[in-house]
Amino acid sequence: MYSVTFQKILLYIGIGVFIGLMVGLIFGDVHLGIYSIFLSIITILLTAIFAELYHVREAINKQRTEQKDKIRK
């Protein structure tokens, strides 16, 4: 059984490989396909990291506002 984060990473890598293969098949160049696979994986993982950091920031901001509300009461 994998953790949720590891499952997400595998899913995003799979999406990147799929997109890269589609680009490679459309343009018919092996090197372009390999490059697009790597670029797709990197882009999708960076997007996922940004989304996770955004959710962490939202949670921290929510926790800070809750703490400030407790202090004011």
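Quick look at the numbers
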| quantity | calculated |
| --- | --- |
| Hits in region 29-73 - residues which are more than 24 Å from Leu10 (Cα to Cα), at pLDDT 80 or above and more than 23 Å from the chain's Cα centre (by Cα) | Gln63, Arg64, Thr65, Glu66, Gln67 |
| Some residue of region 22-34 being in contact with a Ser or Thr (Cβ under 8 Å, 6 or more places away or on another chain) and of a type outside the set (Lys, Arg) | yes |
| Residue within region 60-72 that is surrounded by 11 or more Cβ atoms within 10 Å (Cβ to Cβ), of a type in the set (Ser, Thr, Tyr) and out of contact with any Gly (no Cβ under 9 Å at 6 or more places or on another chain) present | no |
| Residue match in region 2-19 (condition: free of Cβ contacts under 8 Å to residues at least 12 places away in the same chain, exposed (fewer than 10 other Cβ atoms within 10 Å of the Cβ), in a helix (DSSP H, G or I) and under 17 Å from the mean Cα position of the chain (by Cα)) | yes |
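The values are calculated or read from the model by the stated rules, or taken from the named source; none is laboratory data. What you are looking at is a predicted structure, and each value in this text was computed from that prediction instead of being measured. Because the Cβ atoms are built from the backbone with ideal geometry, glycine has one as well, and the counts that use them run over all protein chains shown.
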